[in-house]
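First up is the structure itself, then whatever we jot down about it.
The values are calculated or read from the model by the stated rules, or taken from the named source; none is laboratory data. Please read all numbers here as calculations on a predicted model, not as lab measurements. Here the Cβ is made from the backbone with ideal geometry for all residues, glycine too, and neighbour counts use every protein chain on show.
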Amino acid sequence: MATILMTPEGKKVVINPREDERLYDAPRNPPNTGTAYTSGTDLYRHVARSGNAYYYTYSWSMWQGSEASYELIDEDEVKEFLLDKAKCTGVGRISGAEWNRAEELFPGLFSEDA
């Protein structure tokens with residue numbers, strides 16, 4: 001289902017999570033694990049007809065009464081989001097495929113600079 005988000009400049013961006021590229025897929029609560037992963041935030045990339053790429057998050061929850069929400073974010077926020085997920089260990093960590101795609105979009109994002 002398509003949803004309209006507005007840029008800070010007032011431009012309409014028509015997103016569709018079923019068709020847009022998911023750059024990060026937050027873990028869902030697997031069976032028999034309690035409530036550890038009952039909410040999360042996914043990251044998407046939408047390419048508009050103009051060719052411009054827009055990034056947005058989808059924050060969701062399995063808790064009754066909680067509403068899901070979408071938010072456009074800029075490239076700096078995308079990089080920060082991906083770096084935060086790369087720092088995680090275990091469940092919730094960025095996958096190998098997500099890591100590789102992030103490196104394609106943002107070369108050097110995960111390169112050591114110490």
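The table below lists the values:
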{"item": "Where a residue in segment 88-113 is without any contact (Cβ under 8 Å) to a residue 40 or more places away in the chain and over 14 Å from ARG45 (Cα atoms) and its partner, wherever it lies, is surrounded by 11 or more Cβ atoms within 10 Å (Cβ to Cβ) and β-branched (Val, Ile, Thr), with Cβ under 7 Å and at least six apart", "result": "none"}
{"item": "Cross-chain or 6+ apart pairs with Cβ under 6 Å, segment 1-24 first and of a type in the set (Gly, Ala, Ser), then in a strand (DSSP E or B) and at pLDDT 95 or above", "result": "ALA2/VAL14"}
{"item": "Residue check for LEU72: of a type in the set (A, V, I, L, M), surrounded by 11 or more Cβ atoms within 10 Å (Cβ to Cβ) and in a loop (DSSP other than H, G, I, E, B)", "result": "no"}
